[in-house]
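Engineer: Take this structure first; my questions come after.
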Amino acid sequence: MFEKVATAPPDAIFGLNDLMARDRREGKINLGAGVYKDEQGKTPVMQVVQEAESRLLEKQASKSYLPIEGLASYDRLVAELILGTQHSRWQRGEGVVVQTPGGTGALRVAADLVAGHAEPRSKVWISTPTWPNHPKVFASAGLEIRNYRYFDAARNGLGFDAMMEDLEQGSAGDLVVLHGCCHNPTGVDLSAEQQVVMVDFLAQRRLVPMVDFAYQGFAFGVEEDAAWLRLMTERLPEVLVASSSSKNFGLYNERVGALTVLAESPKASAAVLSQIKQVVRANYSNPPNHGAAVVAMVLSDSDLRQRWLAELAQMRQRIQDMRRRLTAGLDARGVRLHADGNGFINQQNGMFSYSGLTRSQVHALRQRFAVYAMDSGRINVAGITSSNVEPLCDAVAAVVQD
Ligand SMILES: Cc1ncc(COP(=O)(O)O)c(C=O)c1O
């Protein structure tokens, strides 16, 4: 059966982790995979998560299956977290939510739902560049992929006009994958004005947003980061949202996320839910409990919730601080990553920065200095700490000035 199977290339992100694990040098710097790191360079279990886990362990009485749609309290609390507690369409029953194995699971369930039921048949529009798993997930479900321009290297920012020009080629019912905040890999988001223009455009063209919301709380705050998504769900008849608790609860390996779908009527959304359940049942049957139970406990307990928001704010501020330290360190060495200087690093949102480093500079950083970044030049700013920022700036200066 497998005699003639060709070897597939390693995954761009996980492959880099493997490469780094094999590197025996001291002082390696990991700016690759999108996980948060603290000042010690560790990906910690959040304190509030530890607290919830110990409470759960005490009261847990069964490990029986969850329903296909997951833990009901998680579903409701996550819908409220992303949509707000006063969402009129949600209250009218126009929205449904299912717990999924991570944000990736939500994207895949959405892709299968759209591939199986969208009429007319949808194409999927994804940004250039995007998270490398987007095209794989949607193509695996059999959907046709189209790209829209997003990042404009010349201005080191968003090419909004080009983005709109490409999306004008979309047909009614096409799915447009939008990053809810903290665009991965660029860190470049739409301005508030551009968000409004985009929503009007989607409404006029009857394009359906598939919002990938993996980083809620990493740009400005949990509520602030949801503003665009909420505008879409208020103004557009159909919206799909893949949210994740991997990053903002640090629950990466518990695989917990959700797919939320708003449809035009309670009847349509109930039918959508029934089809989502078919997709899930035939795929992984039902989701794992632990991570969802932790999130539900934290979000439903006002003390734990406040502590979670405070820990998340600290994470966000540490990343912003590291952006400033990196910029200052590069400026001090006379390194300019873009013709206009390094200021762009402080304007980007979330963990990632499209640094402007070329592929050969990234490779030189890896070979000469054990600094691991993505070939695209994407760096995970959360991998920078007070102790590695200066050596990092020295290394970048060496490869850029070569
Ligand atoms: C843009 C984007 N979407 C989705 C995900 C999926 O996250 P999860 O680990 O919850 O599947 C990630 C994770 O890196 C991401 O960066």
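Engineer: What residue among Ala293, Ala192, Ala313 has the largest mean-square fluctuation in a Gaussian network model of the chain, using Cα springs under 10 Å?
Structural biologist: Ala192
Engineer: Per q in 0.06, 0.07, 0.08 Å⁻¹, report the Debye log10 I(q)/I(0) for the chain, using one uniform scatterer on each alpha carbon and no solvent.
Structural biologist: -0.24, -0.33, -0.43
Engineer: What order do you get for Ser244, Ser140, Ser353, Ser269 when you list them from fewest to most C-beta neighbours inside 10 Å? Provide the component values of the computation, followed by the final result.
Structural biologist: On the way: Ser244 26, Ser140 13, Ser353 31, Ser269 22.
Taking fewest neighbouring Cβ atoms as first place, the list is Ser140, Ser269, Ser244, Ser353.
Engineer: Just from its helices, what would the mean residue ellipticity at 222 nm be for the chain, if runs of 4 or more DSSP H residues each count -39500 (n - 2.57) and the sum is divided by every residue, rounded to the nearest 500 deg cm²/dmol?
Structural biologist: When only DSSP H runs of four or more count, the value is -14000 deg cm²/dmol.
Engineer: Also, I was wondering about something else. Does the stretch 1-153 come out rounded, prolate or oblate, given a ≥ b ≥ c as the square roots of the eigenvalues of its C-alpha gyration tensor, rounded meaning a/c under 1.5 and, failing that, prolate meaning a/b above b/c?
Structural biologist: Judged from the Cα gyration tensor, the stretch 1-153 comes out oblate (a/c at least 1.5, b/c at or above a/b).
Engineer: What order, most packed first, do the peptides 373-380, 182-189, 83-90 have when packing is the mean number of other Cβ atoms within 10 Å of each residue?
Structural biologist: So the peptides 373-380, 182-189, 83-90, ranked by packing, come out 182-189, 373-380, 83-90.
Engineer: Additional query: Would you order Glu69, Glu80 from fewest to most other beta-carbon atoms within 10 Å of each residue's own beta-carbon?
Structural biologist: Glu80, Glu69
Engineer: Normalised by the number of residues in the chain, what is the relative contact order in percent for Cα pairs under 8 Å and 6+ residues apart?
Structural biologist: On the way: 701 pairs, mean separation 102.1, N = 402.
Value for the chain: 25 percent.
Engineer: Only Cα pairs within less than 10 Å get springs; with that Gaussian network setup on the chain, which residue of Asn349, Asn248, Asn17 has the largest fluctuation?
Structural biologist: Asn17
Engineer: While we're here: Could you calculate, for the stretch 65-300, the ratio of the Cα radius of gyration to the Kirkwood radius, expressed as Rg to Rh?
Structural biologist: 0.94
Engineer: Please give me the summed charge of the neighbours of Gly377: other residues whose Cβ is under 15 Å from its Cβ, Lys and Arg +1, Asp and Glu -1.
Structural biologist: +2
Engineer: Order these by the 10 Å Cβ neighbour count, fewest first: Tyr354, Tyr284, Tyr74, Tyr372.
Structural biologist: Tyr284, Tyr372, Tyr354, Tyr74
Engineer: Follow-up. DSSP loop GluC sites (Glu not before Pro) in the stretch 228-328 with at most 13 other Cβ atoms within 10 Å of their Cβ, which ones?
Structural biologist: Glu264
Engineer: Using a cut-off of 15 Å between beta-carbons, work out the net charge of the residues near Pro9 (Lys and Arg +1, Asp and Glu -1, Pro9 not included).
Structural biologist: Cβ neighbours under 15 Å give a net charge of -2.
Engineer: Further question on the same structure: Counting pairs of alpha carbon atoms under 8 Å apart in space and at least six apart in sequence, what relative contact order in percent does the stretch 65-300 give?
Structural biologist: 31
Engineer: Running a GNM on the chain with Cα contacts under 10 Å, which residue among Ser64, Ser243, Ser54 ends up with the highest mean-square fluctuation?
Structural biologist: In this elastic network of the chain, the residue with the biggest mean-square fluctuation among Ser64, Ser243, Ser54 is Ser64.
Engineer: Please report the antiparallel percentage of the DSSP beta bridges confined to the stretch 65-300, to the nearest 5.
Structural biologist: 45
Engineer: Also, quick follow-up: Among all lysine pairs in the chain that are eight or more places apart or on different chains, how many have alpha carbons less than 16 angstrom apart?
Structural biologist: The number of close lysine pairs in the chain is 6.
Values quoted throughout were computed directly from the atomic coordinates according to the rules given, and no laboratory measurement underlies them. Keep in mind it's a predicted model, so treat the numbers as computed, not measured. Reconstructed Cβ throughout: ideal geometry from the backbone, glycine too, with neighbour counts over all protein chains shown.
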